[in-house]
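For reference, the structure discussed in these notes is given below.
Please treat every number below as a calculation from the coordinates, not as lab data. Everything numeric in this text was worked out from a predicted model, so none of it was measured. No Cβ is skipped: glycine too gets one built from the backbone with ideal geometry, and neighbour counts run over all protein chains shown.
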């Protein structure tokens, strides 16, 4: 693969990211040691943005895979395809990352079948290689290659969880929604609104997050707060923007919806 082809996987502009604790220095150390990293945290709390930020900071190519239950091992490592000249091998994203020294980010890895995720094991220990059984090739990972996975522990179940044999191949960072002041700064910057209004959105999110496990599977994410801010920045009235971006996406329960609608009215009429 040419230098130009590798450059397409690099992030050219700095992704906005507000550090919460010491996650940046911890990730730096893990990358320097080429240790695989697991990122755990709720939906929309900044896991993917963090990885994008770190890839930009380290000036390394980033290949992201959105995992799903239909994903096969061939989707990750590659397969033979038919063309006018017969068959040709096409690398999958994991193989490409191992060849060029990219950070390979498997987003929501628990969505993939366990028999699929097993293929990453040789890349996460001292071997750092990837067998391509169908092709009869053994790839030694590029010295710059790193594997990163993420998932939401709140959605764990017996059917959707990582095996211990997989978990114990990774170092791990735990993410949560930022502290209120940091989250307000993120929402204000990303949504183009002032800090006072952003703080009100964060207050509403706090009400919803307190309902997690009491009618809500998941609270309002930082991502949804930015969506609400984007709507307000386009001239949509605050309460209407909040109902559209914060409440209607997360619940169909009338009582929960009424509770959150009331919280929105209280915050923006104060």
For the stretch 95-109 and the stretch 202-270, write down the distance between their C-alpha centroids in whole Å.
35 Å
Which peptide among 59-65, 256-262, 47-53 comes first, and what is the full order, when sorted by highest mean count of other Cβ atoms within 10 Å?
47-53, 59-65, 256-262
0 to 90° range, to nearest 10: angle between helix 180-191 axis and the chain longest Cα axis
80 degrees
Under the helix-only model (-39500 (n - 2.57) for each DSSP H run of 4 or more, divided by the residues of the chain), the mean residue ellipticity at 222 nm, to 500 deg cm²/dmol, is -11500 deg cm²/dmol
Give me the percent relative contact order of the stretch 11-156, please, defined on Cα pairs under 8 angstrom at least 6 residues apart.
29 percent
Looks like the stretch 180-269, by Cα gyration tensor root eigenvalues a ≥ b ≥ c and the a/c under 1.5 rounded cutoff (else prolate when a/b is bigger than b/c, oblate otherwise), is prolate
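Assuming a ≥ b ≥ c are the square roots of the Cα gyration tensor eigenvalues, decide whether the stretch 115-210 counts as rounded (a/c under 1.5), prolate (otherwise, with a/b larger than b/c) or oblate.
prolate
Which percentage, to the nearest 5, of the DSSP beta bridges contained in the stretch 3-174 is antiparallel?
35 percent
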Under the rule rounded for a/c under 1.5, else prolate if a/b exceeds b/c, else oblate, using alpha carbon gyration tensor axes a ≥ b ≥ c, the stretch 158-209 is classed as prolate
For helix 195-209, what angle does its Cα long axis make with the longest principal axis of the chain, in degrees from 0 to 90 and rounded to 10?
80 degrees
Considering Cα pairs under 8 angstrom that are at least six residues apart, work out the relative contact order of the chain and quote it in whole percent.
19 percent
